[in-house]
1. Which of the numbered conditions does G233 fail, given that it passes all the others? Conditions: (1) over 22 Å from E68 (Cβ atoms); (2) surrounded by 14 or more Cβ atoms within 10 Å (Cβ to Cβ); (3) more than 15 Å from the chain's Cα centre (by Cα).
2. Can you give me the number of residues within segment 24-39 that are at pLDDT below 90 and either among the β-branched types (V, I, T) or crowded, with 16+ Cβ neighbours inside 10 Å (or both)?
3. Among the candidates S137, S142, S174, S207, single out the residue that is touching a Ser or Thr at 6+ places or on another chain (Cβ under 9 Å), in a strand (DSSP E or B) and among the hydroxyl-bearing types (S, T, Y).
4. I'd like the full set of residues that are of a type in the set (G, A, S) and over 23 Å from the mean Cα position of the chain (by Cα), limited to segment 123-173.
5. Does segment 101-117 contain any residue that is within 27 Å of G65 (Cβ to Cβ), modelled with pLDDT of 95 or more and outside any strand (DSSP E or B)?
6. Scanning for something in contact (Cβ under 8 Å) with a residue 60 or more places away in the chain and charged (D, E, K, R), does segment 124-132 turn up at least one residue?
7. Suppose we filter segment 194-232 for residues that are at negative phi and touching a residue at least 12 places away in the same chain (Cβ under 8 Å); how many remain?
Amino acid sequence: MRSVLLVMVGLMMLTSVKAQVSEDIETRNLVKLNLSDWYFARYELGYEYVLNESTSVQFALAGIGASEDYGRYNYNNFAGMDSWTDVEVNHTGWRITPELRRYAWVYGGMPEGVFVSITGRLEQWNLEFDEDVDDLSGISQSQYQGELDGTFSQFHWGGGVMVGYQWYSDNGISIEMYTGPMFRSYSRSWTHDGELSGDERELVDDSLEDRLFNPSRWSAYLNSDSGPGWRFGLTVGLGL
C-alpha cells in the first residue's frame with residue numbers, strides 16, 4: 001500500500017511542476033476515453049500531460065455503474081425440496097489510476113510510439129444485492145436459511161508496468177493500446193440487511209460465492225484473490 005501511495009504522490013508532484021518542454025511541442029494535453037473497460041462497467045476518462053520530449057504523466061478517473069438480474073435453480077438433497085431464486089444487483093463505485101510514462105519519441109506535439117509506464121490503482125466497488133427465494137426449503141442446509149439482501153463492498157489497490165503504443169494523427173486524434181502485468185490486493189466486506197448471529201454470519205459468508213457471485217456476469221472478478229494479474233486496454237483521445 002505504501003508503494004502505491006508514494007507513486008501517486010510522486011505523480012501529483014510532477015503535474016504541479018512546470019516542466020521544461022521543448023518549443024516544438026505544440027500541444028501538451030490529451031483527453032482520452034477508455035473503450036476496453038466498458039465491458040466491466042467502468043467508464044473511464046483520462047488526462048495526459050507532456051512533461052518533456054519523452055515523458056508524460058496521466059491521471060484517469062472512472063465511475064462504476066451497472067445493474068443485472070439473474071435466476072438460479074436450487075435443490076436441497078437433504079430435504080428433497082427445490083426452489084427458484086431471483087437476484088437483482090446494482091453496481092456503483094469509482095476507480096483512480098495515476099501513471100508515469102516514458103516514450104521513445106515525441107512527434108506532432110504529443111507523445112507517440114512505443115511507451116513503458118508505471119501505473120497505480122485504487123478502486124472502490126459496491127454491489128447491492130436483492131435476493132428473492134420462492135421456497136427457502138430448497139436451500140441447502142450448509143447455507144444461510146434466508147434471503148441474501150445486503151451490500152458487498154470490494155476495495156483494491158495495486159500497480160504494475162504497462163507496455164503500449166500510441167498513434168497520434170495530424171487532426172489531433174489518438175488511438176492507444178497497452179498491456180502488462182499488475183499486482184492487486186483486495187479487501188472485502190458484507191453488510192446484511194438485518195441482524196445476524198455469529199453462526200448465521202458464517203453461513204452468509206459461505207453462501208455468497210455460490211448464490212450471488214457465481215451467476216454474476218463479473219463472477220471471475222468477484223471471486224479473484226489478491227496477487228498478480230494482467231491488464232490490457234484500448235483508448236481513443238483528442239489533443240487540446
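1. (3)
2. 3
3. Working: S137 fails: in a strand (DSSP E or B); S142 fails: in a strand (DSSP E or B); S207 fails: in a strand (DSSP E or B).
Selected residue: S174, the only one of S137, S142, S174, S207 that is touching a Ser or Thr at 6+ places or on another chain (Cβ under 9 Å), in a strand (DSSP E or B) and among the hydroxyl-bearing types (S, T, Y).
4. First pass over segment 123-173, keeping only residues of a type in the set (G, A, S): 137-138, 140, 142, 146, 150, 153, 158-160, 164, 169, 172.
If the condition is that a residue be of a type in the set (G, A, S) and over 23 Å from the mean Cα position of the chain (by Cα), then S137, G138, S140, S142, G146, S169, G172 are the ones that fit.
5. Within segment 101-117, the first condition is being within 27 Å of G65 (Cβ to Cβ), and the residues that meet it are 117.
Among the residues that remain, those that are also modelled with pLDDT of 95 or more are: 117.
Then keep just the ones that are outside any strand (DSSP E or B); that gives none.
Among the residues of segment 101-117, not one is within 27 Å of G65 (Cβ to Cβ), modelled with pLDDT of 95 or more and outside any strand (DSSP E or B), which makes the answer no.
6. Yes, segment 124-132 has at least one match.
7. First pass over segment 194-232, keeping only residues at negative phi: 195-226, 228-232.
Cutting the leftovers down to touching a residue at least 12 places away in the same chain (Cβ under 8 Å) gives us 200, 203-212, 215-218, 221-226, 228-232.
So the count comes out to 26.
Okay, residues lined up against (1) in contact with an Asp or Glu (Cβ under 7 Å, 6 or more places away or on another chain); (2) among the β-branched types (V, I, T):
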residue: T151; (1), (2): yes, yes
residue: G164; (1), (2): yes, no
residue: I175; (1), (2): no, yes
residue: S185; (1), (2): no, no
residue: G198; (1), (2): no, no
residue: R201; (1), (2): no, no
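The values are calculated or read from the model by the stated rules, or taken from the named source; none is laboratory data. All of these numbers come straight from a predicted model, not from anything done at the bench. Methodologically, a virtual Cβ is constructed for each residue, glycine included, from the backbone with ideal geometry; neighbour enumeration extends over all protein chains shown.
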